[in-house]
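Q: Okay, here's the structure, questions in a sec.
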Amino acid sequence: MTTGRTDDDHTATRTPGGDPATGTTADAAADRTTADAADRRAGAPRLGFAMGLVAVVAFVAAALGIGVPATPAEQVAVDEPQYLMTAQSLWRDGDLDIANQMAGSWREFTAVEPPVETVPRPDGSHVSPHDPLLPILLAAPVGLGGWAGAKLAQAALAAALAA
């Protein structure tokens, strides 16, 4: 690195833009900035690897719980059947009306009939009182893999958020 000055030559000219207080030339400052940028780029693969590792660990940890039943008689319980029925309705019927799911397809998710949480609308449809965002995200996983597909999708979401 040439700074335009040697230890023996105190009269050498400096590149404009240096810092007279520290004796740093503009070239030296630019070299430092370039070195800092290179250090950041060199750290990027390590950060990417660490984030990937965190994602894998989070996914595996979440996915290991898929086989654990929610209750002794059910794989899903509480509000989960409502979300799954709505996701299934979106996938199969393209709507939020879960009347046909309440008529029996809930058996694909649980052995225990879920409580009715809907109130019939004037047109006879039943729309779950729960926010439809999660069922929108889970429609394809439920359609392709049932309740286990939904849980795997949520494990993947947990992994993405953890990373």
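Taken together, the values in this text are just the output of simple stated rules run on the coordinates, not laboratory data. The structure presented is a predicted model; accordingly, all values stated were derived computationally and were not measured. No Cβ is skipped: glycine too gets one built from the backbone with ideal geometry, and neighbour counts run over all protein chains shown.
Q: Give me T71, T86 ranked fewest to most by other Cβ atoms within 10 Å of their Cβ, as a rough exposure proxy.
A: With the fewest neighbours first, T71, T86 line up as T71, T86.
Q: A follow-up question, please. Please arrange E117, E80 by counting, for each residue, the other beta carbons lying within 10 Å of its beta carbon, fewest first.
A: With the sparsest Cβ surroundings first, the list reads E117, E80.
Q: Right, next: Would you mind computing, in nm to one decimal, how far apart the modelled labels at A77 and V112 are, each placed 7 Å from Cα along Cα→Cβ?
A: Using points 7 Å along Cα→Cβ, the separation is 0.5 nm.
Q: On to the next question. Arrange E74, E113, E108 by Cβ neighbour counts within 10 Å, fewest through most, would you?
A: E113, E108, E74
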